[in-house]
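Visitor: The structure is given below, and queries will be raised subsequently.
The values are calculated or read from the model by the stated rules, or taken from the named source; none is laboratory data. Being a predicted model, the structure only gives us computed values, none of them experimental. When we count neighbours, we look across all protein chains shown, and the Cβ atoms used for this are built from the backbone with ideal geometry, even at glycine. Surface accessibility is based on the protein's heavy atoms, side chains included, excluding ligands, DNA and RNA. Shrake-Rupley method; radii C 1.70, N 1.55, O 1.52, S 1.80 Å.
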Amino acid sequence: MGLIVQKFGGTSVGSIENILKVAERVAEKKRNGNEMVIVISAMGDSTDNLINYAYKFTNNPVSRELDVLISTGEQQSGALLSIVLNSMGLETVSMTGHQIGIITDANFKNAKILKINEVKIRDELNKGKIVVVAGFQGVNLFEEITTLGRGGSDTTAVALAAVLKADICEIYTDVEGVYSLDPNLDDKSQKFKTLSYDELLDLSFSGAKVMHPRAAELARKFNIPLVIRSSFSEDDGTIIVKNIEGLDREKVYAITLHKDEVRLIFNNFKVPGTFNDFLNELRKHGVAPDTISYEVLNEVPHVTMIITRHHLELLKKKLAKKELNFEYNDFSEEDNITTITIHGIGLTIETEIFNEILSVLSERQEKVLGINKESRKLELVLISSKPDELVKILNRKLNLDNGLKN
Ligand code: ASP
Ligand code: MG
């Protein structure tokens, strides 16, 4: 018996049948005497659909209203789950982020949780109720609805597990855990039985979609007992632990990717102060490129960024309104930028593994733009029109099996 936070993703609540299955899972643990807090995502593609509606009217929907709109998906699924559980004879209450007191910063579409007032949840739990929480949302200090970034329900769940000191936080999704490569890209990828917080953090920041990066960060910070598993099977899933003992992660153990990014080059770039001042300006305006560099070529200063579409849009808005203090002649954009991260320790350009990677890239005539070496990973930045195919080939070629099954 204990306090359990369970989070169910979009597919898990994507249909009436699936919501029923979720309800049965929740009911069983409740009947076993546990206190239950259930965090829910919007049904299936409903968040995408809501966003598409907004873009039918304009290419530039107001962020505040977009958040009001997309936060409704989670309210629907939360209420539905609560209705089902109720009809099964269980006492439940569904709540929005606002109602349970999730306070965030004012950064619409990608807000950060500042604090959670747990009193209301505790009250309801003390009355014996199952609390169903709409994930992915909160309110800023002016009580305006904010959302936590795509995939942000995971963050709601882990943050609640932290403040409530839950005995376990279970993230239910449509795959059986964390894999060496997204199993939707290669059915031969292998599932981790255990993974450390650091590894989960590395994988989620470099593109593994199985968990929202901020959720991984919080889980690590607060040592949240965490498991990632499927809503559709009884598999034990991937258990997240502090340290992996006795496992050899020296070779490649996982591959992740970020795709559909853009390379942006500002020609004849001039800032009134220093480049640091410019970085600070970007930060203040919430524009966060994945990489940024400054160089002078043929006496002409350039700034090159690799940036997600979301941040590119934001940057362009700021440029149009002349809110950023720098000058440039023009800028060029290149699409189809992919960053592939090969996870493993001691990967350098001299290794045999790198040689194998290179042979795949050459064979496919992939255009590599850069390589970045770090202690626990090697990043390849390239222009790739078929990145999913490329990572699948790499996954097979590198034959990842570094004690994954342990
Ligand atoms: N419904 C939101 C999204 O699609 C949040 C989530 O699923 O975690 O991004
Ligand atoms: Mg997700």
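Visitor: Give the shape of the stretch 49-135 as rounded, prolate or oblate, defined through the alpha-carbon gyration tensor: a ≥ b ≥ c are the square roots of its eigenvalues, a/c under 1.5 means rounded, and otherwise the shape is prolate if a/b is larger than b/c and oblate if not.
Guide: oblate
Visitor: Then there's this: Most fluctuating residue of A157, A134, A54 in a GNM of the chain with Cα springs under 10 Å: which is it?
Guide: Maximum among the listed residues: A54.
Visitor: Next question, about the same structure. Can you list the residues, at least 5 places off or on another chain, whose amide H is less than 5 Å from the amide H of E35, using H built in the peptide plane?
Guide: Amide H neighbours of E35, under 5 Å, 5+ apart: G2, L3, I4.
Visitor: Keeping all protein chains in place, calculate the accessible area per residue for the chain (probe 1.4 angstrom), answer in Å².
Guide: Numbers: 19520 Å² over 406 residues.
For the chain, the per-residue accessible area is 48 Å².
Visitor: Mind running the shape call on the chain? Use the C-alpha gyration tensor, a ≥ b ≥ c as the square roots of the eigenvalues: rounded below 1.5 for a/c, prolate if a/b tops b/c, oblate otherwise.
Guide: It comes out oblate by the Cα gyration axes.
Visitor: A further question on this structure: Could you list, in their original order, any pairs among K30/K251; K209/K373; K56/K259; K318/K392; K21/K129; K242/K373 whose Cα atoms are separated by more than 31 Å?
Guide: K30/K251; K318/K392
Visitor: Given N residues in the stretch 235-314, what is its alpha carbon radius of gyration divided by 2.2 N^0.38 Å?
Guide: Compactness ratio reported: 1.66.
Visitor: I've got another one for you. Only four residue types carry charge here, +1 at the Cβ of Lys and Arg and -1 at the Cβ of Asp and Glu. Report the dipole size of the chain about the Cα centre in Debye, rounded to the nearest 20.
Guide: 780 debye
Visitor: When the accessible area of the chain is split by element with a 1.4 Å probe, what percent falls to carbon and sulfur?
Guide: Details: 9440 of 19520 Å².
Here carbon and sulfur together make up 48 percent of the probe-accessible area.
Visitor: Using the Cα gyration tensor of the stretch 7-93, with a ≥ b ≥ c the square roots of its eigenvalues, what is the shape: rounded (a/c below 1.5), prolate (a/b larger than b/c) or oblate (neither)?
Guide: Prolate, since a/c reaches 1.5 and a/b exceeds b/c.
Visitor: Further question: So what's the gap between the Cα centers of the stretch 233-303 and the stretch 20-96, to the nearest angstrom?
Guide: About 32 Å separates the Cα centre of the stretch 233-303 from the one of the stretch 20-96.
Visitor: Based on the mean of other beta carbon atoms within 10 Å per residue, what is the order of 5-18, 109-122, most packed first? Don't skip to the end; give the middle numbers.
Guide: Details: 5-18: 21.4, 109-122: 17.2.
Per-residue mean Cβ counts within 10 Å order the peptides as 5-18, 109-122.
Visitor: Moving to a separate point now. Which of these, N223, N280, N86, has the largest mean-square fluctuation under a Gaussian network model of the chain (Cα springs below 10 Å)?
Guide: N280
Visitor: Let me know the whole percent of all Cα-Cα pairs from the stretch 273-391 that are separated by more than 25 Å.
Guide: Tail of P(r) above 25 Å: 38 percent of Cα pairs.
Visitor: Take M305, M95 and sort them by solvent-accessible surface of the protein heavy atoms, 1.4 Å probe, largest at the top.
Guide: Values: M305 0, M95 20 Å².
Final ranking, largest accessible area leading: M95, M305.
Visitor: From the backbone phi of the stretch 182-196, what are the Karplus-calculated ³J(HN,Hα) couplings (6.51 cos²θ - 1.76 cosθ + 1.60, θ = phi - 60°) in whole Hz, Gly and Pro given as x?
Guide: 3J(HN,Hα) across the stretch 182-196, in whole Hz: 2, x, 6, 9, 8, 6, 9, 6, 10, 8, 7, 6, 10, 8, 7.
Visitor: Counting only residues 5 or more places away or on other chains, whose amide H sits under 5 Å from the amide H of L369 once H atoms are built in the peptide plane?
Guide: Here the answer is V381, L382, I383, since their amide H atoms fall under 5 Å of that of L369.
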